[in-house]
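A quick write-up on the structure given underneath.
The values are calculated or read from the model by the stated rules, or taken from the named source; none is laboratory data. This structure is a prediction, so every number in the text was calculated from the model and none was measured. In this analysis, Cβ positions are derived from the backbone assuming ideal geometry, glycine residues included, and neighbour counts consider all displayed protein chains.
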Amino acid sequence: MIRVAVDAMGGDHAPRAEVEGALRALAEQPETFIQLVGRPEVIEAELSRHAEADRSRITIRPASEVIGMAEKPLAAVRGKRDSSIAVGLGLQKAGESDAFVSAGNTGAVLAASTLLLGIHAGVERATVATLFPTADDPVLVLDGGANVECSARELLGFAVLGSVYMRDILGRENPAVGLLNVGEEDEKGTTVVKEAHALLRQYPGINFIGNIEGRDIVAGHEKHGAVDVVVCDGFVGNVVLKFYESVARLIVRIVRRDAPTILERDDVRKVFRALDYSEYGGAPLLGVRGVSIICHGSSSANAIKNAIRLAVQSVRSNLSQHIGAEMAQHEAAART
């Protein structure tokens, strides 16, 4: 049985989306046990709306405090030790849970995960890894917003972490890694990006295809084909992510305005479902000693359900252990 702690108080639609998402996950995953973390009276009130639900694989773990979206992450984590984020991750630290899922304050989840779980030796910084839908297979972009400014060595580390994730979770044996830049030429970019390019070229454990541009993320590279892992700092990654989300909404609005009847077709609905971020659930925080999944603040029940699925998959594939082993090799190679 894989135990997943869910922050029932985080997100714009908490606890409704978290409770409904957890119940949907339990219905689809018979070997999963859910721990709803937060204020018991609020969670119980929401559970009462699902009187028919089987509660044999669900429990409530009390947490009296909530970290708001506008609070300063590190100060909030240290000042609110009984928050749903701190308590949920504390369960994993104590060996009472196997994974954590939250749609709450991203910075607070990052800070708490780093403080409570720690990071693997050799990891410069943990990173938020976000899957982008494409016409074929999704591409992983990291960092997705956790680390606004990064060093060249941190970008190299992101490439290693992303490669392990794509092998373990999506089964891509030799994932192609591209460095997001303003041009394909080696000499393009900022000082940090050029240094990262040189490090990636020298690192033997990564299938580095070179610099790529924004259009290559979802359309594929003209020469190298599909890109599996895209590396960038969190400032660039978050801007790209938010722009990508807006494009999906734009397409839906245009279709509803100009050809609304098309949306009634099953094949068209399938196309739009591929553009829906909730189908991917959440973004794993790679590099920490454990499993921590960060969801969009406006996550729906479907997104929470799929985030729990991702958490279970990460535990089952021993993702964290594999990252630890890979980073140990990375450190050993750096010393030789």
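Would you point out the residue of region 98-157, among those that are over 15 Å from the mean Cα position of the chain (by Cα) and at positive phi, that is modelled with the lowest pLDDT?
The residue in question is Gly122.
Please give the helices (runs of 4 or more DSSP H) falling wholly within region 213-313 in which 2 or more residues are within 14 Å of the chain's Cα centre (by Cα). If you could, list the steps in order and put the result at the bottom.
Values: elements: 216-219, 234-258, 266-274.
Per the criteria, 234-258.
Going by what's in this entry, would Asp186 be described as exposed (fewer than 15 other Cβ atoms within 10 Å of the Cβ), farther than 16 Å from Leu131 by Cβ and not small (Gly, Ala, Ser)? Please lay out each step first, then the result.
Working: exposed (fewer than 15 other Cβ atoms within 10 Å of the Cβ): yes; farther than 16 Å from Leu131 by Cβ: yes; not small (Gly, Ala, Ser): yes.
So Asp186 fits the description; yes.
Tell me which of these Gly210 doesn't satisfy, since it passes every other one: (1) within 19 Å of Asp137 (Cβ to Cβ); (2) free of Cβ contacts under 8 Å to residues at least 60 places away in the same chain.
Result: Gly210 fails condition (1) only.
Residue by residue through region 282-336, note down the ones that are modelled with pLDDT of 90 or more, of a type in the set (Lys, Arg) and out of contact with any Leu (no Cβ under 8 Å at 6 or more places or on another chain).
Within region 282-336, Lys305, Arg309, Arg316 meet the criteria.
So Leu180 passes all but one of these: (1) modelled with pLDDT of 95 or more; (2) among the hydrophobic types (A, V, I, L, M, F, W, C); (3) crowded, with 24+ Cβ neighbours inside 10 Å. Which condition number does it fail?
With respect to (1) modelled with pLDDT of 95 or more; (2) among the hydrophobic types (A, V, I, L, M, F, W, C); (3) crowded, with 24+ Cβ neighbours inside 10 Å, Leu180 is out only on (3).
Of the residues that make up region 91-98, is at least one in contact with a Pro (Cβ under 9 Å, 6 or more places away or on another chain) and assigned by TED's automatic domain parsing to the domain that holds Gly297? If you could, list the steps in order and put the result at the bottom.
Step one: list which residues in region 91-98 are in contact with a Pro (Cβ under 9 Å, 6 or more places away or on another chain), which gives none.
For region 91-98, residues in contact with a Pro (Cβ under 9 Å, 6 or more places away or on another chain) and assigned by TED's automatic domain parsing to the domain that holds Gly297: absent.
Does Met69 meet the test of being surrounded by fewer than 17 Cβ atoms within 10 Å (Cβ to Cβ), in contact (Cβ under 8 Å) with a residue 12 or more places away in the chain, assigned by TED's automatic domain parsing to the domain that holds His296 and of a type in the set (A, V, I, L, M)?
Details: surrounded by fewer than 17 Cβ atoms within 10 Å (Cβ to Cβ): yes; in contact (Cβ under 8 Å) with a residue 12 or more places away in the chain: yes; assigned by TED's automatic domain parsing to the domain that holds His296: yes; of a type in the set (A, V, I, L, M): yes.
Taking the combined requirement at face value, the residue satisfies it.
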